[in-house]
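Please treat every number below as a calculation from the coordinates, not as lab data. This is a predicted model, so every value here is computed, not measured. Neighbour counts run over all protein chains shown; Cβ positions are idealised from the backbone, glycine included.
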Amino acid sequence: MHSDLRASLVGKFGHDIDCENSEVRLICSLASQLGLESLIPTLINYRDNRQEWLRDIAASHGVSEADAKRLPTIILSGGRYETWLIAMEKSQQRGRIPSFVFELYAEIRALCDQLLCHPRFQWTSIERKNMKKEGKPEKAIDSVMMPRIVQACENEVLGIIHRSFEEQGWRVRAQIFDGISLRKCLEILIWKVLLRRPSFCACNEGGTYAWRRKHSLGCTQTPSRAPSKHAKH
């Protein structure tokens, strides 16, 4: 569902659950799980100091912060600094940004090489063979491998969040890029009220999501409660 339509269609009852800075955090998390953090010091620095980097990119190139966000995203997706400069109609500037972009690009390539060898991502070899059969050049194939790995991990995380909210009485209406749109189900709410009565001897304690919960009309609210067994994701 397009963001411009959400308030009109589901604003009275819908909520968006968005992953903040999703691609960067997913890649850093993946590197941490596999003991490969040493390969991506620049990306980790960007994750931890994102606003400072975005202000620097925006100021040095004379663009908005929204446009500045596109530069790291393009690099993580296999693109180049020049691609962003052309889109922004800007020229390369002096300072630390060109070095930052080069290091980020090199780190993502190094991490991708390691991930492609990992058993968890052996399915990428099948996709590579299929793309070769379609006549796609090797360079183009290499550029899409990391984005496909990130997409697979993102879908896995969204699946966990989806199931967690369903268990808590929410109904997921749509998956939107790096988030989901959901609403509360009245029937399950009533059932949960009954289950919490002493006569049912039931209790449902849980952890807290690290994801941001937003009302579709734009009001940010407190993160929802979730089962502790899913909180680590």
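Report the normalised scattering of region 60-125 as log10 I(q)/I(0) at q = 0.20 Å⁻¹, calculated by the Debye formula with identical scatterers on the alpha carbons.
Reported log10 I(q)/I(0), two decimals: -0.79.
Extent of region 105-149 along each principal axis, from alpha carbon coordinates, in Å, largest to smallest?
Principal extents (Cα only, largest first): 28, 23, 13 Å.
Magnitude of the Cβ-charge dipole of region 22-155, K/R +1 and D/E -1, about the Cα centre, nearest 20 debye?
I would put it at about 320 debye.
Between Ala87 and Arg120, take the C-beta separation as r, use R0 = 35 Å, and let me know the FRET efficiency to the nearest 0.05.
The pair Ala87/Arg120 has a calculated efficiency of 0.55.
In whole Hz, what ³J(HN,Hα) sequence does region 25-34 give by Karplus (6.51, -1.76, 1.60; θ = phi - 60°), x for Gly and Pro?
With coefficients 6.51, -1.76 and 1.60, one gets 5, 5, 5, 5, 5, 4, 4, 5, 4, 9 Hz.
Only counting other Cβ atoms within 10 Å, I'd like Met145, Met88 sorted with the fewest neighbours first.
Met88, Met145
Can you tell me the relative contact order of region 22-155? Whole percent, Cα pairs under 8 Å, sequence separation 6 or more.
28 percent
Taking H placed 1.01 Å from N in the peptide plane, check which residues at least 5 places from Val63 or on another chain put their amide H under 5 Å from its amide H.
Correct list: empty.
Can you tell which of Ala140, Ser38, Cys112 lies farthest toward the positive end of the dipole of region 22-155, using +1 and -1 charges on the Cβ of basic and acidic side chains (Lys, Arg; Asp, Glu)?
Ala140
Kirkwood Rh and Cα-based Rg: tell me the resulting Rg over Rh for region 22-155, rounded to two decimals.
Over the Cα atoms of region 22-155, Rg/Rh equals 0.99.
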